[in-house]
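Taking it in order: structure first as structure tokens, then the write-up.
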Amino acid sequence: MYETIRLEQKDAVATIVFNRPRSLNAFNMTMHEEVYDALTRAAGDEDVRCIVLKGSGKGFSAGADLGAIDPSGEELDLGKFLRQTYNRLLTRMAEVEKPIVASLHGPVYGAGLGLALACDFRIAAAGSTYCMAFIKIGLVPDAGTSFFLPRLVGLGRAMEMAMLGETLTAEEAFQAGLINRVVADESLEEETRKFAERLAQAPTRAVAITKRLMVQSFARDLPSALEAEAQGQSAAGKTQDFLEGVSAFFQKRPPRFTGK
């Protein structure tokens, strides 16, 4: 049903595969629409408890499809383009209450890096590379990179990456705090699956509330953050998963969360 992506599901994990390998999975307008639609479908499916984003071919994503943009056009407005594409998609990703895992291999550049940073977790192949490539073509950070990158690696390192446009190896990205885990290239799919399945087996409502608390924490002061925690805990405490977790604790057994 899609031209530029695949939507796959195994058990409680939905995987959105970017499928434009000849262009290193660069995003055109069709791909933006299809990823948005797939995210919405996965978010609304009660059987899905974790979402994975990955790329086909040689890399995760090289960012925007520059071949679809004519820089000499008199009507060129990249801000308008962003509002219609990445801004809309990244906002949707933040709204999805299920954990989103990026499975990263090959080049993760420019807006492709922005998509990876907008995910809740990043599992990286040892051979993957990372670059804030905007400055190399005379542009500024977009696709959420000016928001997410300083929060992950600190202002000084983010400024260096954005203004110099240097490429980081997976190990360098890990040391900087940009990614969560580095695994062998040949183990990426297996390790991503294990990580996603672990999230899918977690108490789904508590995971959703935790994601919302973390994402919104940057816009709150301490009193409002504490009140948001109290409200979230009230909601979590009314779930069946909370009762199961407490029962499992006293019975000294692993909990069996159902997402209810």
Note down the net charge around D241, summing +1 for each Lys or Arg and -1 for each Asp or Glu among other residues with Cβ under 13 Å from its Cβ.
+4
Take the Cα radius of gyration of segment 204-251 and divide it by 2.2 N^0.38 Å, with N its residue count; two decimals is plenty.
1.30
Quick one: divide the alpha-carbon radius of gyration of segment 69-182 by 2.2 N^0.38 Å and tell me what you get.
1.07
Which log10 I(q)/I(0) values, to two decimals, does segment 1-59 give at q = 0.14, 0.28 Å⁻¹ under the Debye formula with one point per Cα?
-0.35, -1.14
Using all alpha carbons of segment 106-238, what is the percent of pairwise distances in each 10 Å bin, ordered from the shortest bin to the longest?
11, 35, 31, 19, 4, 0
Arrange the peptides 99-110, 147-158 so that the one whose residues have, on average, the most other Cβ atoms within 10 Å appears first.
99-110, 147-158
Using 10 Å bins from zero, what percent of all Cα-Cα pairs in the chain falls into each bin?
7, 28, 35, 21, 7, 1, 0
For segment 1-156, the Cα gyration tensor yields equivalent-ellipsoid semi-axes (√(5λ), largest first, whole Å) of 24, 18, 15
Treating cross-link reach as a plain straight distance, find the lysines whose alpha-carbon is under 22 Å from the alpha-carbon of K136, omitting any fewer than eight places away in the same chain.
K58, K80
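Readers should treat all values here as calculations from the given coordinates under stated rules, not as data from a laboratory. Treat the numbers as computed from the prediction; the structure is a model and nothing was measured. FYI the Cβ positions are ideal-geometry reconstructions off the backbone, even for glycines, and counts take in every protein chain you see.
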